[in-house]
Amino acid sequence: DAGVTQSPTHLIKTRGQQVTLRCSPKSGHDTVSWYQQALGQGPQFIFQYYEEEERQRGNFPDRFSGHQFPNYSSELNVNALLLGDSALYLCASSLAYRDNSYEQYFGPGTRLTVT
Amino acid sequence: AQKVTQAQTEISVVEKEDVTLDCVYETRDTTYYLFWYKQPPSGELVFLIRRNSFDEQNEISGRYSWNFQKSTSSFNFTITASQVVDSAVYFCALSEAGQAGTALIFGKGTTLSVSS
């Protein structure tokens with residue numbers, strides 16, 4: 001049973017560039033969430049996708065956008081990169097259930113460094 | 001506004017000691033969920049436990065136990081007879097049932113170092 005996978009593992013970009021990170025959810029899961037974890041901090045919620053729609057969004061600028069595909073995989077895009085975007089980006093998958101908040105299973109993350 | 005506070009930044013213990021990690025939360029919702037995650041040096045967050053706001057029964061799983069007290073808005077985590085493999089960053093998180101999705105709000109984490 002494959003868990004959550006993310007690619008790439010590491011990425012180095014220059015200020016002003018654009019980046020795309022990818023995530024495949026755990027088998028059977030239909031909801032994907034993205035989190036940003038700066039060094040020494042807890043993960044911060046970016047947004048969540050369900051049925052190919054953005055269901056919930058955290059306090060992140062429009063430079064952060066996403067997409068979910070029919071096979072439930074997801075992409076996170078960041079435009080006009082800033083030095084402050086350097087972080088570990090975590091993808092989490094879960095199974096949507098209207099009345100309960102199921103645990104989210106996390107991938108290994110993508111380490112983004114902006115120089 | 002929802003918030004999770006983990007006041008202990010770092011804790012160091014010697015193997016076999018018991019250790020308690022504190023978590024205090026704030027929420028306006030009456031229905032919510034509390035979580036603990038472990039993040040070893042590899043970076044991947046590992047789910048440990050989920051509790052809903054209507055279930056204040058304490059839970060024990062092996063050397064791990066959790067104490068949920070709504071009166072003090074706390075959800076503390078105790079490791080009994082700690083081991084070196086317990087060394088990691090531990091995060092407490094909150095999710096409110098009233099929101100559109102199931103976003104997790106994390107605390108800043110507590111780094112636990114267990115020495116032999």
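Counted over chain A with a bin width of 10 Å, the fraction of Cα pairs per bin, in whole percents, is 15, 49, 29, 6, 0.
Determine the share of the stretch B:7-115's accessible area contributed by carbon and sulfur atoms, expressed in whole percent, with a 1.4 angstrom probe.
So the carbon and sulfur contribution to the accessible surface is 48 percent.
Between A and B, buried accessible area from a 1.4 angstrom probe totals roughly 1800 Å², ignoring ligands, DNA and RNA. The residues of the protein assembly as shown present an accessible area of 48 Å² per residue when probed at 1.4 Å with all protein chains retained. Considering only B:25, B:101, B:82, and ranking their Cα positions along the charge dipole of chain B that arises from unit charges at the beta-carbon of Lys, Arg, Asp and Glu, the one farthest toward the positive end is B:101.
Label point of residue A:83 set 7 angstrom out along Cα-Cβ; within the stretch A:38-64, amide nitrogens under 20 Å from it belong to A:38-41, A:61. Please work out, to two decimal places, the log10 of the ratio I(q)/I(0) at q = 0.20, 0.24, 0.28 Å⁻¹ from a Debye calculation in which every Cα of the stretch B:1-69 carries one identical scatterer. Relative scattering, expressed as log10 I(q)/I(0), comes to -1.08, -1.41, -1.53. The charge dipole of the protein assembly as shown, taken about its Cα centre with unit charges on the Cβ atoms of Lys, Arg (+1), Asp and Glu (-1) only, comes to about 500 debye. Across B:18, A:30, B:29, the residue with the most accessible area heads the list, and the full order at a 1.4 Å probe is B:18, B:29, A:30. Of the residues in the stretch B:74-108, those shielded by at least 20 Å² of accessible area once partner protein chains are present, compared with the chain alone at a 1.4 Å probe, are B:91, B:100, B:101, B:102, B:103, B:104, B:106, B:108. By the Kirkwood approach, averaging reciprocal distances over each pair of separate Cα atoms, chain B gets a hydrodynamic radius of 14.4 Å. Within the shell defined by Cβ-Cβ distances under 13 Å, the residues around residue B:47 carry a net charge of +2, with Lys and Arg each +1 and Asp and Glu each -1. Here the dipole of the stretch B:2-116 is about 160 debye; that uses its Cα centre as origin and unit charges on the Cβ of Lys and Arg (positive) and Asp and Glu (negative). Shape annotation for the protein assembly as shown: C-alpha extents along the principal axes are 48, 40, 36 Å, from largest to smallest. Computed over chain B, relative contact order equals 38 percent, with contacts defined as Cα pairs under 8 Å that lie 6+ residues apart.
Accessible area per residue was computed with a 1.4 Å probe on protein heavy atoms; residue A:105 scores about 80 Å².
The values are calculated or read from the model by the stated rules, or taken from the named source; none is laboratory data. For clarity, every value in this text was computed on a predicted model and none was experimentally measured. Backbone-built Cβ (ideal geometry, glycine too); neighbour counts: all protein chains shown. To get the accessible areas, we keep the full protein, side chains included, count just its heavy atoms, and leave off ligands, DNA and RNA. Shrake-Rupley method; radii C 1.70, N 1.55, O 1.52, S 1.80 Å.
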